Structure formats: structure tokens, C-alpha cells
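This report concerns only the one structure given below.
Read the figures in this text as sums done on the coordinates, not as results from a lab. Bear in mind that the values here come from a model prediction, so they are computed numbers and not experimental data. Positions of Cβ are generated from backbone atoms using ideal geometry, with glycine treated the same way; all protein chains shown enter the neighbour counts.
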């Protein structure tokens with residue numbers, strides 16, 4: 001069976017769902033082995049449910065194709081050991097911290113996550129750590145196999161011509177929208193308040209109070225606060241340079257004075273040095289802007305808008321240089337779809353942006369608008385409404401970037417398929433007889 005590549009990601013949601021399921025009596029079994037790696041029936045069933053939840057067709061071979069992709073993933077893991085391609089625990093923890101932060105926002109806090117799944121944050125983190133490490137390793141191996149691949153215009157045209165006319169996707173209304181975001185920066189008054197608070201906490205620790213308890217009480221780092229501020233081991237260059245410099249300047253057991261990084265102010269305790277790695281815990285407190293800081297951000301954007309309207313700078317150049325939104329600034333402030341095209345379906349817009357552009361004319365730029373970010377904080381942005389494309393069937397003129405991305409994905413999948421056909425003869429693959437019809441063994 002040729003490999004029809006199905007992206008199977010080990011998301012934090014599915015991982016936590018499996019944790020919840022583990023609280024019940026579940027009959028599970030090993031359905032495949034790839035060298036020393038195993039695939040459980042529960043993995044296949046969760047991946048199949050995820051496949052269906054994305055609105056995919058229920059083709060008769062869907063489970064076989066998903067199982068084959070799981071086998072490919074295990075083969076990629078085995079190959080990563082041969083090629084000495086590893087993901088260190090520091091990178092896994094950073095990824096896990098980001099995911100847990102998103103989950104905390106979605107659930108309304110870590111306590112709600114614990115209540116929903118009947119386990120502590122520490123238990124949840126521990127149980128999904130290996131899944132995330134495997135996911136990152138697989139991504140790195142896939143990149144090793146396909147990162148050099150490119151797609152030419154002639155290949156894009158050929159790919160498009162091979163799509164049956166009745167299978168061409170139909171795109172709804174799409175818009176080209178850009179933004180410049182300005183987050184208010186806390187001024188000296190607010191920063192001094194945080195420095196003084198952390199200095200007081202440091203004095204309390206030196207008088208005998210527990211670092212761990214104070215971290216749980218005061219730290220605003222969602223990834224480490226519940227662990228008493230523990231960050232674990234990191235290598236040089238993996239944490240903020242100011243943080244690293246302070247940590248490595250101390251002897252184990254030492255506690256720093258407040259250290260400022262882009263994330264706020266840290267109280268750092270160096271716990272251990274081991275070769276080129278070091279272990280720390282910290283208490284992070286981020287100063288919050290006051291009304292004067294918000295006013296300064298609004299004034300900045302208003303001045304920038306005037307420069308753009310007077311043709312002193314383009315919107316794109318201003319966004320690249322001044323916008324605080326990392327997801328859009330590199331594209332000149334434009335929102336992008338998954339293919340990288342600077343045009344997105346109108347229905348996917350944030351409702352506040354959707355209703356804002358509904359009152360705008362093409363080419364207009366709003367005055368600064370205050371809005372609430374996903375983390376609950378506030379910032380200002382101004383929106384540029386560049387273009388609108390009516391609903392249409394896919395074509396090369398309007399949708400080249402989307403089609404090129406799909407063509408490149410198909411080309412990469414072909415390489416992984418060929419790699420699988422060649423590599424599976426070099427590894428031991430055993431599949432439960434229940435899945436013999438999938439033809440996964442040599």
C-alpha cells in the first residue's frame with residue numbers, strides 16, 4: 001500500500017483526554033511493534049477520532065492509513081536514534097509550558113484543568129511529557145527528510161491540472177487585512193513596584209521562608225508556578241540572556257536580585273550546574289501598565305497612522321518595524337492562512353475585527369482601537385483593510401499560494417512514502433493479525 005500521508009499530531013488536548021480516560025477501566029493492547037517501539041490500540045482509536053473530527057471522509061482504508069502513519073512515526077523515532085537527532089528536555093518543557101498556558105486560558109485556570117481531569121498539573125505534565133518529546137522528534141526527522149525540497153511554477157500548474165474539475169475547492173469570501181499592534185509598556189513607576197516586591201520576597205526567603213511556597217503564591221509563570229518555580233535543566237542559550245547571565249554568575253544555592261527580561265522580573269535561585277547545563281527555579285512577576293502607559297501606546301499608534309496617511313512610511317514597513325504582534329509583523333502586519341497566503345476567509349476572523357471591517361471601505365485604516373488579548377491583557381491596534389475577494393472556485397490566478405503549498409505537501413509526502421518503502425525492510429515490524437489487511441509488513 002502506498003503511503004497516503006495523514007498528519008497525526010499528538011495535541012495537548014488529545015493527550016489530556018487520554019489521561020482522563022485512564023481514570024476508567026480501559027481494555028487496551030499492543031497492535032504493532034516497530035523495533036523497540038509499540039503502538040497501542042488506544043492510539044489508533046484516538047487518532048481515528050481526531051481524523052473524523054476534522055471532517056475527513058470515512059474511507060474504508062482510513063484506519064489502515066492512520067495505522068501506517070503511526071508506524072511511520074515510530075520508524076522516524078528509530079531513525080532519529082541512528083542519526084543522533086535528539087530533542088533536549090529543555091525544549092520539551094518550553095513547548096509544554098506554552099501548551100499548558102493555552103489550556104489554562106481555555107479552561108479558565110490551572111485549577112479548572114485539575115478539576116476537569118482529576119489530576120494535578122504536575123501529574124498531567126509528567127504523563128504527556130514523553131508524547132510531546134516524541135512529537136517534536138518526529139517533526140525534526142520529517143524536516144531532515146524534506147526541508148530541502150522546493151516546488152516550481154510548472155509543478156504547481158501540473159498539480160492543479162491533475163485535480164478533477166468537480167474536486168476543486170470552493171472558497172468563501174476572503175479578505176486581506178493587516179494590523180499594527182502596540183502593547184503598553186509599563187513605565188518606571190510600575191517597574192519599581194515589582195522590583196520592591198521581589199526584593200521583599202528575597203528577604204523573606206533569606207529569613208527562612210520557603211522559596212517553593214512563595215513561588216506558588218506570587219509567581220506569574222504559568223508553566224512553573226505550580227512546581228514551586230522549578231524550571232529544570234537548560235543549556236546555554238536556551239533561556240533569556242539576562243536570566244542565564246544572572247544564573248551562571250551565582251554559586252548553587254544563591255538567590256539573585258530582581259533580574260529584568262522581556263517576560264518581566266525574576267528572582268532566580270541556581271540549584272545545580274552540570275556540564276554545559278544548569279538547573280534553576282524562579283519567581284516571575286510582570287509589571288502591569290498604568291493608565292499613562294496605555295495613553296502613550298495609543299498616542300504612538302495615532303502618530304504612526306498620520307505618517308502612513310501622509311505617505312511618510314508604508315503600513316507594511318511600519319508593521320514590520322513597530323508592531324508588537326509577532327504572528328503578523330513579519331508579514332507586514334497581514335494575517336495569513338495556513339499556506340502563507342495574505343488572504344484569509346472572512347468567517348475565520350476574530351468577531352471584533354470582522355465587525356470592524358464591516359463598517360470600513362477598502363483601503364481605509366482605522367484609528368487606534370483598544371482590544372483584549374487572549375491572555376486577558378489589553379493593547380491597541382489599528383487595522384488596514386486592503387482587499388476583499390468574492391466567493392469563487394479555486395484557480396491559479398487567485399489562489400496560487402494555496403495551490404503551491406498543497407503541491408509541495410504532496411511532493412514531501414511522496415518522499416516520506418518512498419523513504420518508508422525503503423526503510424521498512426531494515427526494521428522489524430510486527431502487526432496484530434486484526435490489521436493484516438493493511439499490508440504494513442514486508
Review point. How high is the relative contact order of the chain, given as a whole-number percent (alpha carbon pairs under 8 Å, six or more residues apart)?
Key: 22
**Study point:** Binned Cα-Cα distance frequencies in the chain - 20 Å width, integer %
**Key:** 19, 47, 32, 2
Revision key, fill the gap. With no solvent term and unit scatterers on the alpha-carbon positions of segment 59-181, Debye gives log₁₀ I(q)/I(0) at q = 0.23 Å⁻¹ of -1.17
Exercise for review: Sort 312, 339 so that the residue with the fewest other Cβ atoms within 10 Å of its own Cβ comes first and the one with the most comes last.
Suggested key: 312, 339
Exercise for review: At 0.36 nm per residue, minus the direct Cα-Cα distance, what do residue 218 and residue 127 gain on full extension? Give it in nm, one decimal, please.
Suggested key: 30.2 nm
**Study point:** Difference of contour (0.36 nm per residue) and Cα-Cα distance, residue 238 to residue 387
**Key:** 49.6 nm
Review point. Efficiency by 1/(1 + (r/R0)^6): what FRET value for residue 361 and residue 154, r their Cβ-Cβ distance, R0 = 45 Å, to the nearest 0.05?
Key: 0.70
Point to revise | Neighbour-count ranking [beta-carbon atoms within 10 angstrom, fewest first] of 211, 107 | key: 107, 211
**Study point:** Distance from segment 419-442 to segment 96-119 (C-alpha centre basis), Å
**Key:** 38
**Study point:** Segment residue 354-residue 245, extension gain: residue separation times 0.36 nm, minus the distance between their alpha carbons
**Key:** 34.8 nm
Revision key, fill the gap. Relative contact order of segment 188-285 (C-alpha contacts under 8 Å, at least 6 apart) in percent is 29
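In square nanometres, what is the average projected area of the Cα convex hull of segment 300-442?
14.5
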Review point. Most exposed first by the Cβ proxy, i.e. fewest other Cβ within 10 Å, how do 126, 176, 154 rank?
Key: 154, 126, 176
**Study point:** Angstrom value of the Kirkwood radius, inverse mean 1/r, which spans all Cα pairs in segment 306-358
**Key:** 12.2
Check your understanding: Per the helix-only calculation at 222 nm, which mean residue ellipticity applies to the chain, given -39500 (n - 2.57) for every DSSP H run of n ≥ 4 and division by its residues, nearest 500 deg cm²/dmol?
Key -> -15000 deg cm²/dmol
